[in-house]
Amino acid sequence: MGILCYGILKFISGFGLTIGSENFVYLKSGGSETVNFMFDTGNNVAFAASLNTGLNLASYGSVNSLSKTGNLGISSTIMTTNSLDFGTYLLTMTLSNAENNVQKKVVIYYEEEILNFKFYLQISVASIYIPINEEVTFETSMTSGSNVQLEWFLDGNGTCLIEYVGQHRQSSKNHTFTVPGIYNVTVVAVNTVSRTFHNVPVSVQYRVHGFDVHLAEGPHNTSQNVDITVFLNQSANIEMGNVSAYVDYGNGFSNTYILPSLASVQTSNFIINYQYPVQGNFTVNVKIQNEIDFQTFSFNVFIWDQITAVLVSSITKIKVNELTTFSFQTPPHAGFNYEIFYGDGNSVSDKSSGILYQDFNVQPWTHSFSAPKIYSVSFTGWNQYYIVTQEFKLIVQHPIPSMSLTPSANEIPLPDGVQVFDMSMVTNNPSPTNVSCDFDSGFDVEKDVETDIDFGIHLIKTYNYTQNGTYHVLFYCRNEVSAVNLSSTMIIRNFTLPDFIIHYNIVNGMNMTDINTDPYGEMKPTDVPVIVPFRISLFGVTRLPPDITFIWDFGDGTPFETVLISDFYKYHEYKNRGTYKITINMTGPNETHQIDLHIQMGVIKFVSDKLKGQINVDEFTFTASGVIGGTYSFDLLEGNIATVNSNPASAKAKYLTWGRKHAMVTGRNSTFIETVYADPVSPDYVMLNMYYKYNDSVHYPPGDITVIIGVNHTSHIFPNISCDIFMNDFVEPGNEIRTQNVSYMMELVFNYQYRTIGEHTRVTINCTNVISYDYFTTLILVKNDCFKITGVFDRHYSLKTNPMIAYISDDVDLRNRMPVLCPDKGPRYDWTVETLDIIDENTFTLEPFNKSLPEVPTGSLRFHAGEMPEGLYKVSLNVSLPEPPFPTWIYEYTYVRFTKPRPYASVVGGNRRTSKLGIITINAWEESYDTEVGYGFRDTLFFSWYCFR
């Protein structure tokens, strides 16, 4: 079972459009609109809508009884679908229920919107300029619009409204302006859905009229203005707008000129100035125009420049084959035809028509003449209106070529004042033409001397200058095309020997090199010899005077050098660094003079603060000085390298290895460089823990002994130890030096054979290295049981340098002084005599001497008077005990010098006495004699004496 409930119906009231809506709907073609409405009371409301055409639109709307609102949608599609034309419609909307119904009417304007509206003037001239009193047509167009009204605003005399029903696209309006002026023509297009407008400003003016133009034919120059004069008749209307004159000059160029106010043209005319850039015959067209109309005029004009050019040569006196430059001076602006004859069979021209129609552009050109002559040059120039001719002369000659005058300057000493001057051509050129010269020796002048100058032929002038002074010599030669000034300055000098000056470098660099080695193979830095030039100057003379002798002492020990000077330079080679005094003794015909000079060879002083030190302990400081503003590069070895920018400069090194270190330094500045070595420094080890092994008792013969020197510590190695071993032998007790490396595993072994028996005290061994020493002393007994240790001879004479002296005039016995303790073995004596010739300290020769010996030698040997020649002898004695079971011997020698005995010298009255002044008698003859012969023998004596106060 269903229940139907009915509410209480209410009346519909307050039906209207929503707030803000109008009672009009503007519906554009292609668009849509919505009509919104509301009501105050009513329920169960129904909606209905229709147009005044009967078209029902209820389906396009709706109503809401609860919200008391509704709407209706209207679109152009509805209108088109129902074939409704553009126009105005009345819309009726109805709300109803069972109680009542109410209506609301709304006007709908349905039109095409006016789009792309355009407005223009249909006329043959520019659209904004209109001729007065002539009808013109204005046109409009649009792409969309319906039921359009066009309202025209033309010349300020009113408006015109035209309505168009339905769709509208184009329209036009004719009008005639009768008053000149500027008008703003406006047209407004409007319908119910759109509105637009356009305006066009127009100028109403007269057509061009009343003008005249004048132009003179010419001829005119391209450098002058051509005047075009514009006239305006006094009766002409001047309201012609913007008037201009367009001028076509007939040469491809044109221009437009804006005329000033036409009133001024009527009174003062208008002048156009134009300058033609190119020559020719031209037609000028002038068009006087404004925005609507124009007038034209045509003229002929002739443009030809008057030929003002003058042909010139840059040189009027020309050298043969010299290029001279020809050019046109004061030429016209435009070109012209020309022809030029040089007078040597050559010519140049330009007859082409093209040159007439260009700017003058004949660049300067050159020409040369191959032979000397006077040439006539002619020139003709022309164009279509003018012609010009010209002629001038040119002188052509061979020039004076490059010349030399020797000497160009000279300074010579008197008395030889003769100077020969030689003028000649430097290069093989043609002989110059018509040369004249002035010859000025400084004390005499020859003027205007006609002179032939030919290559290979020398012009010689000899002058004898007899007075000291300065002379200016001038040879001036010339012709029409050239001139040569040759000069020389002669200085004539008197001099004395002190005027000589020796020029040389007082301080000279001298490098050192390490290529040399000493006799042991160790590097030995050596000075590199330097040859020093000494330049002799006497004022500024170029030749030295005759008969002057220099004796050079260079101070380095080399022999003096005597030179009769003829060369300005003397060279000497210094081999060693150092400072030397140089002495030069000069000798001339009438005087002598001495010069003392000093020279330093070597600049850098390079020293160390110590020459020896302990390895890896002591630091060596090396200092270099002498190079001002320089840089020193030190190489101290073992990687010790340094560069120091100061003077003096120092660098330090601590050495880790043994040996002699030759440190080097190179000093340099912008003009100097020198490399030197310092004296070698020797880093070494301190000797410790040395030992000495030997036998302290030795049997003779043979007397052999071995001494062993070593080091107790296994880690010590002492390089290059030098041991001075003194075995204190009684015969020639010299010492021996042994040098070697010594360590625990490397001992120094010294073998010695004693020549004498006895207690050899003070046997010493002194081992040294660079920084330390080890001293050892002991006693060694050398014995033989059959002989006493006193020895055979007095050992005082066992040295060659200290022989026993014996006179050849006496018998001399030389005896053995050593007792034999074993006489039962039968001693045997063997004597040997040898001559000794000592060459130097370490060199001598021995030769056997045939000395007669007794049949049974004994321990004594006699040298008879007169038997031995003067000289040094080595006398040896071997005392032997040959009996078994143990044969033995002793061998010793001594040195004896046999000499003549000195003469006996005596002066009667004593060899020293006082005497008075006067004649003094000295008698040394009576009592003096030759002791070798005896008293009274004095024939072989020589006497000398001296006296003193």
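I531 meets the stated requirement of being in a strand (DSSP E or B), closer than 19 Å to T583 by Cα, open to solvent by 80 Å² or more (accessible area, probe 1.4 Å) and at pLDDT 95 or above. For P683, the stated conditions do not hold, so it cannot be described as surrounded by fewer than 17 Cβ atoms within 10 Å (Cβ to Cβ), more than 44 Å from the chain's Cα centre (by Cα) and either within 30 Å of K783 (Cβ to Cβ) or in contact (Cβ under 8 Å) with a residue 60 or more places away in the chain (or both). For region 756-857, the strands (runs of 3 or more DSSP E) that sit wholly inside it and include 2 or more residues that are free of Cβ contacts under 8 Å to residues at least 12 places away in the same chain and more than 30 Å from Y692 (Cβ to Cβ) are 828-840, 843-848.
To keep it simple, each residue is scored yes or no on (1) over 25 Å from T526 (Cβ atoms); (2) touching a Ser or Thr at 6+ places or on another chain (Cβ under 8 Å); (3) not charged (D, E, K, R); (4) not in a strand (DSSP E or B).
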position: L656; (1), (2), (3), (4): yes, no, yes, yes
position: G659; (1), (2), (3), (4): no, yes, yes, yes
position: G667; (1), (2), (3), (4): no, yes, yes, no
position: S670; (1), (2), (3), (4): yes, no, yes, yes
position: D679; (1), (2), (3), (4): no, yes, no, yes
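Checked against (1) surrounded by fewer than 18 Cβ atoms within 10 Å (Cβ to Cβ); (2) within 30 Å of I132 (Cβ to Cβ), S314 passes all but condition (2).
Residue-wise test of (1) under 22 Å from V681 (Cβ atoms); (2) small (G, A, S).
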residue: T583; (1), (2): no, no
residue: T587; (1), (2): no, no
residue: N590; (1), (2): no, no
residue: L597; (1), (2): no, no
residue: G602; (1), (2): yes, yes
residue: L611; (1), (2): yes, no
residue: N616; (1), (2): yes, no
residue: Y632; (1), (2): yes, no
residue: L637; (1), (2): yes, no
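Do you know which residues across region 582-593 are over 29 Å from D527 (Cβ atoms) and open to solvent by 10 Å² or more (accessible area, probe 1.4 Å)? Residues satisfying the conditions are T587, G588, P589, N590, E591, T592, H593.
Scanning region 455-470 for residues that are part of a loop (DSSP other than H, G, I, E, B) and either closer than 17 Å to S487 by Cβ or open to solvent by less than 80 Å² (accessible area, probe 1.4 Å) (or both) yields a count of 2.
If the condition is being closer than 23 Å to S21 by Cβ and open to solvent by 70 Å² or more (accessible area, probe 1.4 Å), then region 80-125 contributes T88, N101, Q103, K105.
Candidates in region 620-669 are the residues that are among the polar types (S, T, N, Q) and more than 36 Å from the chain's Cα centre (by Cα); of these, the one that is nearest to N720 (Cα to Cα) is T657. Is one or more of the residues making up region 696-718 outside any loop (DSSP other than H, G, I, E, B), closer than 30 Å to P529 by Cβ and either at pLDDT below 90 or not hydroxyl-bearing (S, T, Y) (or both)? No: region 696-718 contains no residue that is outside any loop (DSSP other than H, G, I, E, B), closer than 30 Å to P529 by Cβ and either at pLDDT below 90 or not hydroxyl-bearing (S, T, Y) (or both). Comparison of F634, F606, F620 shows that the only residue that is in contact with a Pro (Cβ under 9 Å, 6 or more places away or on another chain), surrounded by 17 or more Cβ atoms within 10 Å (Cβ to Cβ) and among the aromatic types (F, W, Y) is F620. The lone criterion from (1) open to solvent by 30 Å² or more (accessible area, probe 1.4 Å); (2) modelled with pLDDT of 90 or more; (3) closer than 30 Å to Y164 by Cβ; (4) not hydroxyl-bearing (S, T, Y) left unmet by N56 is number (3). Tell me yes or no: at least one residue of region 388-410 is open to solvent by 20 Å² or more (accessible area, probe 1.4 Å), of a type in the set (G, A, S) and not in a strand (DSSP E or B). Yes. When the residues of region 573-612 are filtered to those that are charged (D, E, K, R) and more than 30 Å from D635 (Cα to Cα), the one that is farthest from the chain's Cα centre (by Cα) is E591. Considering region 160-169, the residues that are open to solvent by 80 Å² or more (accessible area, probe 1.4 Å) and not charged (D, E, K, R) include one that is farthest from the chain's Cα centre (by Cα), namely V165. Restricting V226, V190 to those that are open to solvent by less than 50 Å² (accessible area, probe 1.4 Å) and touching a Ser or Thr at 6+ places or on another chain (Cβ under 9 Å) reduces the list to V190. Only strands (runs of 3 or more DSSP E) whose full extent lies in region 282-335 are considered here, and the ones with at least 3 residues that are hydroxyl-bearing (S, T, Y) and under 30 Å from I395 (Cβ atoms) are 324-329. Of all residues in region 294-307, none satisfies being open to solvent by 20 Å² or more (accessible area, probe 1.4 Å), touching a helix residue (DSSP H, G or I) at 6+ places or on another chain (Cβ under 9 Å) and under 21 Å from P332 (Cβ atoms). Taking the listed residues T380, T433, the one that is among the hydroxyl-bearing types (S, T, Y), open to solvent by 40 Å² or more (accessible area, probe 1.4 Å) and either touching a Phe, Trp or Tyr at 6+ places or on another chain (Cβ under 9 Å) or in contact (Cβ under 8 Å) with a residue 40 or more places away in the chain (or both) is T380, with no other qualifying. In region 313-337, the residues that are under 19 Å from S347 (Cα atoms) form Cβ pairs under 6 Å with partners that are open to solvent by 70 Å² or more (accessible area, probe 1.4 Å) and charged (D, E, K, R), at six or more places apart or across chains, as follows: N337/K351.
The values are calculated or read from the model by the stated rules, or taken from the named source; none is laboratory data. Small disclaimer: the values here were computed from a predicted structure and weren't measured. Note that each Cβ is placed from the backbone with ideal geometry, even for glycine, and that neighbours are counted across all protein chains shown. Heavy atoms of the whole protein, side chains included, go into the accessibility calculation; ligands, DNA and RNA do not. Shrake-Rupley method; radii C 1.70, N 1.55, O 1.52, S 1.80 Å.
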